[in-house]
Amino acid sequence: MYRLAQVAPASDDPGADLLLEAQDCIDARAYAEADELLHKVLALDLRHLDALAAVYPDAVVVRLHRDPAETIPSACRLTETIRRARSDRVDPREIGRFWLSLTTSSLAARTPPGLAVLDVRYPDLLRDPVAVLARVCEFAGVPSTGAARRTMTAYLAEHPAGSHGVNRYRAGDFGLSPDDLHHRFAAYRRAHGL
């Protein structure tokens, strides 16, 4: 039997509504075997870390760092695919502008003092996902057992990268220049060894 973690807001911050509503959309969970507790995992826009910290001062955040020159075109392709399923009119250049703006403002956002943040590099996750997940578990105070590591290793062996096909995208498809993306985010890429 599993118990879902009950987290009560600690503030009347306007961002609370966003966070509480987002809890209804959670699609990932980390199981803590020691006390049979499911911890909610939320993909959150970095621009709202202040609201997260105000509502959940004990929150633990894992921030994944990946080269924006790769992530922006990838996010653009996903957005385009979703929009094409719902509309006959899709503007790839508008999608490119949207993701460029969102990424720029997100990376400029500051982390609130006192918020527990673990920074993880995407290349490290690709190279040794089990070790990175063990770091995440340790940081979050969730036991990383031998059984959990064996399960992760077996899953990765059964689902190798590319087994569901390859997501093909190019910055130019969305009115973006790879050279501009590399230049625009050079400081971020250097800071995180990307």
query: Are any of the residues in the range 71-90 open to solvent by less than 70 Å² (accessible area, probe 1.4 Å), under 28 Å from residue 186 (Cβ atoms) and part of a loop (DSSP other than H, G, I, E, B)?
result: no
- request: Determine whether the range 46-66 contains at least one residue that is at pLDDT 90 or above and either among the hydrophobic types (A, V, I, L, M, F, W, C) or open to solvent by 50 Å² or more (accessible area, probe 1.4 Å) (or both).
  value: yes
query: Got a sec? Which of 135, 110, 121, 127 is modelled with pLDDT under 85, within 25 Å of residue 193 (Cβ to Cβ) and under 20 Å from the mean Cα position of the chain (by Cα)?
result: 110
task: Select from the range 157-175 the residues that are modelled with pLDDT under 85 and not basic (Lys, Arg) and list them in ascending order.
output: 159, 160, 161, 162, 163, 164, 165, 166, 167
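The values are calculated or read from the model by the stated rules, or taken from the named source; none is laboratory data. Everything quoted here is computed from the prediction, not taken from an experiment. Neighbour counts run over all protein chains shown; Cβ positions are idealised from the backbone, glycine included. We work out accessible area using only protein heavy atoms, side chains counted, and drop any ligands, DNA or RNA first. Shrake-Rupley method; radii C 1.70, N 1.55, O 1.52, S 1.80 Å.
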